[in-house]
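**Student:** Dumping the structure here so I can ask a few things about it.
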Amino acid sequence: MDGHVLVLATLAYVLVNVLMAAPQACIPAFLREQFSAATRYSSISATYQTGAALGGGTAATAATALFIAYDNDPIGVGLYSGAAAMVLVLCAWGLRETFRVPTAHLGADTDAGTVADAGAGTTRRDTFTEQTSQG
């Protein structure tokens, strides 16, 4: 019986890591598109580390405090998770859309005519509004 548990635990560990690696692998390429070459390294580092510190560093303490505050009812932790997801959605909503921008122009200032014409200065909200108004 113990051998089966070890095999199942190992398979579960591998599966979770594969599922977590898929979205994590996209983050460096995604963040590269958001910043100019002059500030890219520092900007990506600050963005990633701030998110990890605020989101990951405080999550366990906040979840425990909410669990205790709600008299051992997990609804507080669920509300906290929902609020964190809403912050994620709002941040993603404000990111620049770069799928129409040539690779050479990624991260360039949006004041340049060719880049602005290519859509580098638009947000996802602007793109959505433009698409819905056209069709």
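The values are calculated or read from the model by the stated rules, or taken from the named source; none is laboratory data. Computed from a predicted model, the values in this text were never measured in an experiment. Note that each Cβ is placed from the backbone with ideal geometry, even for glycine, and that neighbours are counted across all protein chains shown. In case anyone asks, the SASA skips ligands and DNA or RNA and just uses the protein heavy atoms, side chains included. Shrake-Rupley method; radii C 1.70, N 1.55, O 1.52, S 1.80 Å.
**Student:** What net charge do the residues around Leu106 carry, taking every other residue with its C-beta under 9 Å from that of Leu106, with Lys and Arg at +1 and Asp and Glu at -1?
**Tutor:** Working: positive: Arg32; negative: Glu33.
Taking every other residue near Leu106 into account, the sum is 0.
**Student:** Counting only the heavy atoms of the protein chains, how much of Thr50 is accessible to a 1.4 Å probe, in Å² to the nearest 10?
**Tutor:** 70 Å²
**Student:** Could you work out how far apart the two model spin labels at Val89 and Thr64 are, taking each label as a point 7 Å from the Cα in the direction of the beta carbon, and quote it in nm?
**Tutor:** Using points 7 Å along Cα→Cβ, the separation is 3.0 nm.
**Student:** Ok, one more. Obtain the nm distance between the two label points defined at Tyr13 and Cys26 by a simple spin-label model: each point lies 7 Å from its Cα along the Cα-to-C-beta direction.
**Tutor:** 2.8 nm
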